[in-house]
Every structure is written in C-alpha cells, then in structure tokens.
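The numbers here are math on the coordinates, done by the rules we state, and not lab data. All of these numbers come straight from a predicted model, not from anything done at the bench. Please note: Cβ atoms are built from the backbone with ideal geometry, for glycine as well, and neighbour counts cover all protein chains shown.
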Amino acid sequence: MSTPHGLPALILAGGVSRRMGRDKTQMLLGGKSLIVQVLERLQAQADPVWLNAVSDYPLDLGIPNCPDTRPGRPGPLAGVLAGLKALERHGGDYTHLLTVPGDTPFLPLDLVERLSTKASAGTVVLAASAGRTHPVVALWPRELAADLEAWLDDPSHRRVFDFIDRHPQAVVEFPMIETDIGLQDPFFNINTPDDLAQAGILLRKGMK
C-alpha cells in the first residue's frame, strides 16, 4: 500500500443534483463552494487529487478533471471507473484509488490514514459512521477497472453496493464529531437547500 500522501483521490461531482435544483457542488458554505471544501480536506492527506465532473465544469480547481467515459451520466460507478482509468494512465505504484462525493464538506482529516489500515489486494475498503456504510467513500483496488467496465455494459448495473458485493470488502467505522449541538456525522452530505442551511449551522457550531 502506498503511503497516505502518495494515495490518489477522486472527487465524484458528476451527479445531476435533482433535489437541489442546481449543481450543489458549486454552492457556497462558509464562503467557499462545497467542492473547494472537499478539495481542501483531501489535499491535506492525498496526492494527487482529481475531479470527476462534466467536461465543461465551470470552476477552475487547479486539478485534472476525469469525466465519465460512459455517456448519459449513469451514476457514481461510472465516476469510479473514470478514476480507475486515470489511475492506469498515471502510472506509478499506486494500488488503490480513494473516492469521495463532492457534497460532504466535513470529511475526516484522517480518512486516508484510517482506510489505508485495511487496504489489501482486491479488497474494497468502505467508510462507515453511525452504523451506516458509505459506498462512495471508499478505497478501490486498481485491478477492479476491467471488471467494473464489463459490469457497466449492462444498463441495469448501477447500484454501487451490487458491484462491491462481487469483491472482498472491509469496513472502517468513523466516530461521530462532537459539536455545540451534539454529535454529528462526519459524512454529512448535502442534497437539498435545507441540508445546506443545516451545514452552515454545523459549521458555526464547531463542526470541523
């Protein structure tokens, strides 16, 4: 396994944000877009960091964009595949790719370190919190690229857990975060305007 700062990470930002009504990753939280919030937390613990978004994504983040290689925005597995293909092109001795969604601004700063403890050949390592597993906060072995590409040839194969269940997996539980208004989930994600407002409250109440 590569050292934490030698681990590539991919921000999944190719969704359509139906419940938000616009691209949520560009919306502001604490004076920064959600995507920048995520990027800054990743750059403290992973290198390189890449983006998976539409090819004409308007924000210049200073990192490479790896758009889906499948048409029609078929979901997060297509983003994972784009990242694994980028990993193959990049070369080096990287064994895994970390993926995170672009709408989780409070990602743990020890995410890479903790997930890496469970990394092994062929095993997908998943983050969990409060008894819930987060399938797109995960370390993906680079050798899964070919199987994932074949899997996505079937239009009915879109659920992330269905693909993960084809392979060995490990789960790492992350603790809740203490704030002035109680314990909060470090993988709090933003789908609606109400979620964004709640995230603003959490930021002011000590969510770090």
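What's the local net charge at V38, with K and R +1, D and E -1, over the other residues with C-beta under 11 Å away? List each step's numbers first, then the result.
On the way: positive: K32, R41; negative: E40, D103.
Neighbour charge sum, excluding V38 itself: 0.
Cα convex hull of region 4-175: how many Å³ per residue?
Spread over its residues, the Cα hull of region 4-175 gives 122 Å³ apiece.
Report, ordered by chain and residue number, the lysines lying within cross-link reach of K24, taken as a straight Cα distance under 23 Å and ignoring same-chain residues fewer than 8 apart.
Straight-distance partners of K24: K32, K205, K208.
Hull surface divided by four, with the convex hull built on the Cα atoms of region 46-129: how many nm²?
6.5
Order by neighbour count: H96, H134, fewest other Cβ atoms within 10 Å first, most last.
Ordered from fewest to most neighbouring Cβ atoms within 10 Å, H96, H134 come out as H134, H96.
Taking 0.36 nm per intervening residue step and subtracting the Cα-Cα distance, what contour gain separates A170 from E88 on full extension?
Difference between extended and current length: 27.2 nm.
Could you please report the charge total around D56, scoring K, R as +1 and D, E as -1 over all other residues with beta-carbon less than 14 angstrom from its beta-carbon?
Working: positive: R73; negative: D23, D60, D68.
Around D56, the surrounding residues sum to -2.
Dividing the alpha-carbon Rg of region 120-208 by 2.2 N^0.38 Å yields what? Walk me through the intermediate numbers first.
Numbers: Rg = 16.5 Å, N = 89, 2.2 N^0.38 = 12.1 Å.
Relative to the 2.2 N^0.38 Å estimate, region 120-208 comes out at 1.36.
With both partners inside the chain, how many of the DSSP beta bridges are antiparallel, as a percent to the nearest 5?
On the way: 14 of 29 bridges.
Looking only at bridges with both residues in the chain, the antiparallel portion is about 50 percent.
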